[in-house]
């Protein structure tokens, strides 16, 4: 079979250009990425060989080897792992088999434009390095990092159990070639034709130097469980017959095979011996991340169930964290032997952002995914991990508020999901999660916990009040805020569509009920409010016909038209029925393609407002008069606008305004 030539897909070309043009300044990490890939390939073969030992082909000594060539200016990374077929080479190397790649590139382009605009406004030259780095960290592109240091990359591979080998080659010119070749052993060998800055005299960092490579392995990959080997060439002075050094004789050249890494899995080491930077580097290697984690937690448990866990919270939430395509789960090991990449049963879904691994000697190596859900050991470990993670988050909230708020901005929605999903989970940690929730409020320009809110509630306040809206400013201008502001009561601002579902699930906190300002009747719990309520009820009886005719004009647009004592300065507002979905919930259902769930709209009028007097005058002219109909429609549309909603017929609204202004 002859050599075949292919073009990279458009997204891959773009990504290669990003790598070649140094989007990530720390070029030395290419070695970490390629060693990680080699380790993964050996993991796969090791696991596959548990059920088919013939795949090992008599070679059970797994090794990763580095072979630098100073004269040729090359570096070769070789593993005796699973290897690849031709189709797998094309799939894994020739294309980026990720649905998120286009999103990544689009986000990068958008972020770079924003960065450029911001820095141009500041009078500076735009830099895109950190933006690109942040985004690359959310998408796996490890192999392509080779092009940060190499002008050409040659990959030779043979799949374990297959006879035919394949050679892949590219100079990052938009094309690559594939051809069959003879490969003696299964596995993969990647040869980098190093650029001038990375080989030979004058190199910024000589990647053919034994000492450079050894230090990089120690720095990034010391914990790889397979030996990373390289030959070390040394010169020893010659000695004469008496054993003395003789400078006249040529030195003795000694070549020794050295193992560069300690091979001890990081999680097996004593915590006191591990530096923070080691935890960070392990995270980046093991989970293919490019940034340090926000948080790590290393624990070892002994007793009825024995396990070690090393858990991380990434510095940034993955772009697809809340999409169906995202696969949560922890890596699973038994006695340091890899079992599974994504074990979803170890943590509840609301902790899907946690990355890490669990190693337990109590697990069978060949346990199936089906049996995991019923496995007692997995259940015990899972319960312990959930409890420990929540405790660590509570400690972070108490002792490092800035760090916790950064965590909340990235992952707060996940904790909210844990609260509203608790309705269906009898073993939920709803109360512990409630203590971790943060909200903006009407009193402070900073986050507030529910405990902080209830601790500063005045004795006269009987409920925890909240309001929903797209942002803080929109909520502050809601008519429904007026009566509560007048009392000096603090209001929680619910800015996320899922927030109100949390309130529904919690119902109360510290013995105080949650009460929406835009749903049902508003009870401010004092004598003055009761008196005002009685006055409003009396006025409603006096204006019963007006309210009935108002409802008739609006028809099915509203469920009811009534008078209210919740308004002070505004003439009108919309509230939802007490027992149906709220307006925010209606919007959330619509976003989830469930538009059939509608809020029950109740239009409330302020009987003390001048416009109510004008409304009565228009009604006195007759319920079928154009003035009364226009008045009713205008008040309804005004209520919609005040609540951040759009009137159904803007043209009709404009005509009504014109008629009223012409009078």
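When the range 215-230 is limited to residues that are at pLDDT 95 or above and outside any loop (DSSP other than H, G, I, E, B), the one that is nearest to residue 274 (Cα to Cα) turns out to be 228. Going through (1) outside any loop (DSSP other than H, G, I, E, B); (2) free of Cβ contacts under 8 Å to residues at least 60 places away in the same chain; (3) more than 37 Å from the chain's Cα centre (by Cα); (4) within 30 Å of residue 277 (Cα to Cα) one by one, residue 235 falls short only on (4).
Among the candidates 219, 159, 185, 163, the residue that is surrounded by fewer than 16 Cβ atoms within 10 Å (Cβ to Cβ), more than 15 Å from residue 70 (Cα to Cα) and touching a helix residue (DSSP H, G or I) at 6+ places or on another chain (Cβ under 8 Å) is uniquely 219. Just give me the residues in the range 163-194 being part of a loop (DSSP other than H, G, I, E, B) and more than 36 Å from the chain's Cα centre (by Cα), in sequence order. Correct list: 163, 164, 182, 183, 184, 185, 186.
Here is the figure for the range 195-205: residues that are under 39 Å from the mean Cα position of the chain (by Cα) and touching a residue at least 40 places away in the same chain (Cβ under 8 Å) total 5.
In the range 255-292, the qualifying residues are those that are free of Cβ contacts under 8 Å to residues at least 24 places away in the same chain and part of a loop (DSSP other than H, G, I, E, B), and the one that is nearest to residue 215 (Cα to Cα) is 275. From the list 238, 203, the lone residue that is out of contact with any strand residue (DSSP E or B) (no Cβ under 7 Å at 6 or more places or on another chain) and either surrounded by 13 or more Cβ atoms within 10 Å (Cβ to Cβ) or outside the structural domain of residue 81 (by TED's automatic domain parsing) (or both) is 203. When the strands (runs of 3 or more DSSP E) confined to the range 1-87 are screened for residues that are at pLDDT 95 or above, surrounded by 14 or more Cβ atoms within 10 Å (Cβ to Cβ) and in contact with a helix residue (DSSP H, G or I) (Cβ under 9 Å, 6 or more places away or on another chain), those reaching at least 2 such residues are found at 64-69, 74-79. One residue stands out in the range 324-336 among those that are at pLDDT below 85 and over 13 Å from residue 308 (Cα atoms): the one that is surrounded by the most Cβ atoms within 10 Å (Cβ to Cβ), namely 325. When you look at residue 328, is it under 19 Å from residue 381 (Cβ atoms), assigned to a loop (DSSP other than H, G, I, E, B) and in contact with a strand residue (DSSP E or B) (Cβ under 9 Å, 6 or more places away or on another chain), yes or no? Yes.
In the range 273-304, the qualifying residues are those that are over 22 Å from residue 407 (Cβ atoms) and in contact with a strand residue (DSSP E or B) (Cβ under 6 Å, 6 or more places away or on another chain), and the one that is surrounded by the fewest Cβ atoms within 10 Å (Cβ to Cβ) is 300.
The values are calculated or read from the model by the stated rules, or taken from the named source; none is laboratory data. Small disclaimer: the values here were computed from a predicted structure and weren't measured. Every residue, glycine as well, gets a Cβ built from its backbone with ideal geometry; the counts of neighbours run over all protein chains shown.
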